[in-house]
Amino acid sequence: MRGYNCIYDLIAINVRYFKIMIKINYILLFLGVFVGISFSFWEGLVSYNDIAPPDESIIKTFSNVVSNHFFNKNTLIYILIGLVIGIFLNFFANIFNKKNHIYTKN
């Protein structure tokens with residue numbers, strides 16, 4: 001009976017570990033996409049403010065930045081770059097965790 005409990009504990013630990021890793025994978029992918037969108041918005045804001053009139057309101061500036069077709073293309077490119085970086089981070093995190101994973105009860 002003791003051996004069965006040890007195997008059950010090992011399976012329970014593995015299930016918790018994989019649930020945490022799946023959440024981390026989604027978080028890293030979302031973080032990469034968020035950084036890509038933020039960088040694209042920042043770049044559009046900086047490039048638009050070079051030619052914007054000084055008396056334009058902030059809301060009008062934001063709407064002009066977002067409506068620019070170059071902003072839309074850059075956003076897609078930066079989202080893809082962020083997604084690829086998130087995938088690479090997931091890949092390296094999985095390799096690191098597989099090497100250092102110790103099967104002990106928390």
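Observations on the model:
- Stretch gain in nm, segment ILE77-ILE59, where the contour uses 0.36 nm per residue and the Cα spacing is subtracted: 4.0 nm
- A simple spin-label model places the labels of ILE95 and ILE51 4.4 nm from each other, with each point 7 Å out along Cα-to-Cβ.
- Calculated from backbone phi, Karplus (6.51, -1.76, 1.60) coupling profile of region 38-46 in Hz, x at Gly/Pro: 4, 5, 5, 5, 4, 5, x, 5, 5
- Computed magnitude of the charge dipole of region 18-96 (debye, nearest 20; Cβ of K, R +1, Cβ of D, E -1): 480 debye
- Rounded to the nearest Hz, the phi-derived 3J(HN,Hα) couplings of region 31-37 under the Karplus curve 6.51 cos²θ - 1.76 cosθ + 1.60 (θ = phi - 60°) are 5, x, 5, 5, 5, x, 5, where x marks glycine and proline.
Only the coordinates and a few stated rules stand behind these numbers; no lab work does. What you see is a predicted model, and the numbers here were worked out from it, not measured in a lab. When we count neighbours, we look across all protein chains shown, and the Cβ atoms used for this are built from the backbone with ideal geometry, even at glycine.
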